[in-house]
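Trainee: Have a look at the structure that comes next, please.
The values are calculated or read from the model by the stated rules, or taken from the named source; none is laboratory data. Only a predicted model underlies this, so the values are computations on that prediction, with no experimental measurement involved. A quick note on method: Cβ atoms are made from the backbone with ideal geometry, for glycine too, and the neighbour counts reach across all protein chains shown.
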Amino acid sequence: MNLTRHPRYARHRFPAEVISHVVWLYFRFPLSLRMVEEMLAARGILVSHETVRQWAMKFGQDFANQIRRRHPAPGDKWHLDEVVISIAGKKHWLWRAVDQHGVVLDILVQSRRNAEAAKRLLRKLLKRQGRSPRVMITDKLASYAAAKKAVMPGVEHRQRKGLNNRAENSHQPTRRRERIMKRFKSAGQAQRFLSVHDQVANLFRRPSNTNAADHRAFRAQAFMTWSEVTGVAPTF
């Protein structure tokens, strides 16, 4: 097999194919560092879980940034929601925004659940997306209304029970990873991990109401994009 030579992986003992595959495994599936280590060992590749962690930290965010740039423009309807997560025994809040198609727009880990925290999320979203949504959908937390009035006064705001299921469902993969990782160790770690995790999930997310043939085509395109992002030739 011809191994990929890419300056991004210079001075690494393992080939680019192994490194990119490890990063994909770790962020794509609910696997611990040691689970990834064992999966590689089963194939004769001896990599420590600490090496897996270092590769995830070094390459993950760069891959996520490139995925974000390649993703189509988001929808004009934003669903916002917040969920409590425990970090080092203290309560934090994970704020997340998704569009009407289920694509995660951004996340923000904060220690507060008030209007200022909601404003930070909206400002980050506007800076990242470059435009306001047509509609913003949230639960009945009053902080959203106060933040919208200050940051996006012209946007329609809907607050009704049952409208925000899409944002609430988007927290489920995070809960699975939280259990596998035995909780996040710090707010910074949670922010860094989820910023990458959600973008990888966006890339490989299966659109709703697709048949098997369409799903296979979509998945093949996702793998092609991943090869472009990582600089590693596709193996299929």
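Trainee: In the stretch 81-110, which residue that is more than 16 Å from the chain's Cα centre (by Cα) and at positive phi is surrounded by the most Cβ atoms within 10 Å (Cβ to Cβ)?
Mentor: Applying the filter and picking the extreme gives Ala88.
Trainee: Read through the list (1) within 23 Å of Lys90 (Cα to Cα); (2) free of Cβ contacts under 8 Å to residues at least 60 places away in the same chain; (3) aliphatic (A, V, I, L, M), then give the number of the only condition that Leu194 fails.
Mentor: Here Leu194 clears every test but (2).
Trainee: Filter the stretch 42-60 down to the residues that are among the small types (Gly, Ala, Ser) and closer than 12 Å to Val22 by Cα, then identify the one that is surrounded by the most Cβ atoms within 10 Å (Cβ to Cβ). Walk me through how you get there before you give the answer.
Mentor: First, the residues of the stretch 42-60 that are among the small types (Gly, Ala, Ser): 42, 44, 48, 56, 60.
Then drop every residue that is not closer than 12 Å to Val22 by Cα, which leaves 48, 56, 60.
Details: Ser48: 13, Ala56: 23, Gly60: 21.
Among them, the one singled out is Ala56.
Trainee: Could you pull out the residue among Val151, Val232, Val200 that is surrounded by 15 or more Cβ atoms within 10 Å (Cβ to Cβ), over 20 Å from the mean Cα position of the chain (by Cα) and within 16 Å of Tyr26 (Cβ to Cβ)?
Mentor: Step by step, each of Val151, Val232, Val200 is checked, and only Val232 is surrounded by 15 or more Cβ atoms within 10 Å (Cβ to Cβ), over 20 Å from the mean Cα position of the chain (by Cα) and within 16 Å of Tyr26 (Cβ to Cβ).
Trainee: If we keep just the residues of the stretch 210-233 that are out of contact with any Asp or Glu (no Cβ under 9 Å at 6 or more places or on another chain) and not in a helix (DSSP H, G or I), which is modelled with the highest pLDDT?
Mentor: My answer is Gly231.
Trainee: Please go through the stretch 175-209 and give me each residue that is more than 19 Å from Ile67 (Cα to Cα) and outside any loop (DSSP other than H, G, I, E, B), ordered by number.
Mentor: Selection gives Arg175, Arg176, Arg177, Glu178, Arg179, Ile180, Ala187, Gly188, Gln189, Ala190.
Trainee: Return yes when Pro15 is loosely packed, with under 13 Cβ neighbours inside 10 Å and of a type outside the set (Gly, Ala, Ser) and no when it is not.
Mentor: No; evaluated as a whole, the condition is false for this residue.
Trainee: Which of the residues that make up the stretch 157-174 are in contact with a strand residue (DSSP E or B) (Cβ under 6 Å, 6 or more places away or on another chain) and in a helix (DSSP H, G or I)? Even if it seems obvious, please write down each step before you answer.
Mentor: Applying the first criterion (in contact with a strand residue (DSSP E or B) (Cβ under 6 Å, 6 or more places away or on another chain)) to the stretch 157-174 yields 157-159, 163-164, 166-168, 170-171.
Listed by number, the residues that qualify are Arg166, Ala167, Glu168.
Trainee: Of the numbered conditions (1) of a type in the set (Gly, Ala, Ser); (2) within 26 Å of Arg13 (Cα to Cα); (3) in the same structural domain as Lys182 (by TED's automatic domain parsing), Ala56 satisfies every one except a single condition; which is it?
Mentor: Status for Ala56: all satisfied but (3).
Trainee: Residue check, His101 against (1) touching a residue at least 24 places away in the same chain (Cβ under 8 Å); (2) more than 18 Å from His197 (Cα to Cα); (3) not aliphatic (A, V, I, L, M), all met but one. Which one?
Mentor: Result: His101 fails condition (2) only.
Trainee: Can you tell me how many residues in the stretch 115-148 are within 22 Å of the chain's Cα centre (by Cα) and exposed (fewer than 14 other Cβ atoms within 10 Å of the Cβ)?
Mentor: Going through the stretch 115-148 one residue at a time, the tally reaches 4.
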